[in-house]
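Asks: Encoded as structure tokens, here's the structure I'll be asking about.
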Amino acid sequence: MTCRHIPYHSDMTQTIFSAQGLTKVYPMGEVTVQALRGVDLLLSAGELVVLLGPSGSGKSTLLNILGGLDTATSGTVRYRDLDLSKASDKELTNYRRHHVGFVFQFYNLIPSLTVRENVAAVTEIARAPMRPEEALERVGLGHRLDHFPAQLSGGEQQRVAIARAIAKNPAVLLCDEPTGALDSQTGVVVLEALEKVNRELGTLTVLITHNAGIADMADRVIRLFDGRIVEERRNSTKKSAKELSW
């Protein structure tokens, strides 16, 4: 059974993303793959949103378009007053640099730099960054500033990646399977860091997962299947990250 998608109408004061009719088609030799099939979406300031769905449902494609890493084949997507679907490469680069923080499944830390230096590499190009020490303190790693990535656990490395993403004070934090390489106990610690950032900084946080248990910490859950949004719901009661189980 397919659920009819009713676009969410935000009651929050500031719309960050507005997407209408987004499609994405990838040519694969003689065939084409349709990753998105007419997605309508509103995302607002301060929300914690979980994108849920199986592999191939379009979650990462949608996240990459929101983050300016990819462009839609058709449809429109706006970030505040910027039409990302018509933006130039230079505008998209500027948008990614100053407005969006990314957290991926793999941490992509520079092994030859300390934790502090990994975060500082981002703050040096940002307009109004927080101090690397503050960003690391926010994710519970203020005591590991001078350690190297190889001296940290996987969960600690992912928290460094979160600190690096938030250090430029982005309006948006986009997370693609941030706990995918971690066991559940370590994953909860990482989710607590994301929860804290969302609550304290008011950063719109969009988190991709195939893990339905994580959806309980979201303000809103958006389920994708076969390139379409098939369900959209608000959690009447949110669980804290440490209450989650999967």
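Where a number appears in this text, it was derived from the coordinates with a stated rule and is not lab data. Since this is a predicted model, take the numbers as computed values, not measurements. So basically every Cβ, Gly included, is an ideal-geometry build from the backbone, and we count neighbours across all protein chains shown.
Asks: Tell me, Ser88, Ser236 in order of fewest to most beta-carbon neighbours within 10 Å?
Replies: Values: Ser88 8, Ser236 5.
The order, fewest Cβ neighbours first, is Ser236, Ser88.
Asks: Next question, about the same structure. At 4 °C and a viscosity of 1.567 mPa s, what translational diffusion coefficient does Stokes-Einstein give for the chain, taking Rh as the Kirkwood radius over Cα pairs? Give it in µm²/s as a whole number. Display every interim value, and only then the final one.
Replies: Working: Rh = 18.4 Å.
After rounding, the answer is 70 µm²/s.
Asks: When DSSP beta bridges are limited to those with both residues in the chain, what percentage is antiparallel, rounded to the nearest 5?
Replies: On the way: 24 of 42 bridges.
Once the DSSP bridges in the chain are tallied, antiparallel ones form about 55 percent.
Asks: With θ taken as phi - 60° and the coefficients 6.51, -1.76 and 1.60, list the Karplus ³J(HN,Hα) couplings across segment 206-214 in order, rounded to whole Hz; mark glycine and proline as x.
Replies: The phi angles translate into 10, 10, 8, 7, 9, 9, 5, x, 5 Hz.
Asks: Separate question: Net charge within 15 Å of Phe104 by Cβ-Cβ distance, Lys/Arg positive one each and Asp/Glu negative one each, not counting Phe104 itself?
Replies: After counting each charged neighbour, the total is +1.
Asks: If you don't mind, another one. Show me, bin by bin at 10 Å from 0, the whole-percent P(r) of segment 99-167 based on Cα pairs.
Replies: Cα pair-distance distribution for segment 99-167, in percent: 24, 61, 14, 0.
Asks: If you put +1 on each Lys and Arg Cβ and -1 on each Asp and Glu Cβ, how big is the dipole of the chain around its Cα centre, in Debye rounded to 20? Intermediate results must be reported in sequence, preceding the final value.
Replies: On the way: 28 positive and 28 negative charges, 67 e Å.
Around 320 debye, computed over the chain.
Asks: Would you mind classifying segment 57-128 by shape? Square roots of the alpha carbon gyration tensor eigenvalues, ordered a ≥ b ≥ c; an a/c under 1.5 is rounded, otherwise it is prolate if a/b is larger than b/c and oblate if not.
Replies: It is oblate, given that a/c is not under 1.5 and a/b is not larger than b/c.
Asks: Same structure, new question: Could you put Glu30, Glu156, Glu243 in order, starting from the residue whose Cβ has the fewest other Cβ atoms within 10 Å?
Replies: Working: Glu30 5, Glu156 21, Glu243 10.
The fewest-first ordering by Cβ neighbours comes to Glu30, Glu243, Glu156.
Asks: Spelling out what I want: for every residue of segment 71-78, take phi, set θ = phi - 60°, compute 6.51 cos²θ - 1.76 cosθ + 1.60 (Karplus), and round to whole Hz; glycine and proline get x.
Replies: My calculation for segment 71-78 gives 10, 6, 6, 8, x, 10, 9, 10 Hz in order.
Asks: Quick one: compute the contact order of the chain, relative version, from alpha carbon pairs under 8 angstrom and 6+ residues apart, as a percent.
Replies: Values: 518 pairs, mean separation 65.2, N = 246.
Taking the mean separation of contacting Cα pairs over the length of the chain, I get 27 percent.
Asks: Per residue of segment 228-244, what does 6.51 cos²θ - 1.76 cosθ + 1.60 with θ = phi - 60° give for ³J(HN,Hα)? Whole Hz please, x for Gly and Pro, Karplus curve as stated.
Replies: Once θ is set to phi - 60°, the couplings for segment 228-244 become 10, 7, 10, 7, 9, 8, 9, 7, 5, 10, 8, 8, 6, 4, 6, 8, 6 Hz.
Asks: Take the alpha carbon gyration tensor of segment 204-243, find the square roots of its eigenvalues, order them as a ≥ b ≥ c, and report rounded if a/c is under 1.5; if not, report prolate when a/b exceeds b/c, else oblate. Write down the numbers at each step before the final one.
Replies: Working: a/c = 2.07, a/b = 1.71, b/c = 1.22.
Since a/c reaches 1.5 and a/b is larger than b/c, the shape of segment 204-243 is classed as prolate.
Asks: Pop the C-beta distance of Met28 and Ala212 into the FRET formula with R0 = 41 Å and round what comes out to the nearest 0.05.
Replies: Working: r = 29 Å, r/R0 = 0.72.
Taking R0 as 41 Å, the efficiency between Met28 and Ala212 is 0.90.
Asks: Quick one: order Val197, Val115 by neighbouring beta-carbon count within 10 Å, fewest to most. Walk me through the numbers before you get to the answer.
Replies: Values: Val197 23, Val115 26.
Starting with the residue having the fewest Cβ neighbours, the order is Val197, Val115.
Asks: Work out, step by step, the length gained on full extension between Thr73 and Arg37: first 0.36 nm times the residue separation, then minus their alpha carbon distance; give nm to one decimal. Don't jump to the answer; show the numbers that get you there.
Replies: On the way: separation 36, 0.36 × 36 = 12.96 nm, distance 1.01 nm.
That works out to 12.0 nm of additional length.
Asks: Next question. Enumerate the amide H contacts of Gln105 below 5 Å, restricted to partners 5 or more residues apart or on another chain; note that Pro and chain-start residues carry no placed amide H.
Replies: Excluding prolines and chain starts, which carry no amide H, the hits are Asp176.
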